[in-house]
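Student: Sharing a structure below in structure tokens format, with a few things to ask.
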Amino acid sequence: MKDTNISNTIRTLRFLTNEMTQQQLAEKVGVTRQTIMAIEKGKYSPSLELAFKIAGIFNKPLEEVFTYKKQIE
């Protein structure tokens, strides 16, 4: 699986939200813990809908949770 150009602050936000587990977040947004783990590690890019759901859980705008890193050619 290829690394993405999208980074995120999910792990930090989970910690700051009563140390929410990956499993708890996964259940709230309707995916598996493995999906959350892959997103956190940058191994998987979430759909736009999932990204908005995750941001909503933390009550943050999308750009505070996810950042796109433009590749220099």
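Student: Consider the stretch 23-60. How many of its residues are in a loop (DSSP other than H, G, I, E, B) and over 15 Å from Ile6 (Cβ atoms)?
Tutor: Count: 6.
Student: Same structure, new question: Would you mention how many residues in the stretch 1-22 are within 13 Å of Ile57 (Cβ to Cβ), in a loop (DSSP other than H, G, I, E, B) and among the polar types (S, T, N, Q)?
Tutor: Number of matching residues: 4.
Student: Here's something else I'd like to know. Going through the stretch 3-15 one residue at a time, which ones are in contact (Cβ under 8 Å) with a residue 12 or more places away in the chain and not basic (Lys, Arg)?
Tutor: Result: Asp3, Thr4, Asn5, Ile6, Ser7, Asn8, Thr9, Ile10, Leu13.
Bear in mind these aren't lab numbers, they're just calculated from the coordinates by the rules spelled out. Since we're looking at a predicted model, the values are computed, not measured. Please note: Cβ atoms are built from the backbone with ideal geometry, for glycine as well, and neighbour counts cover all protein chains shown.
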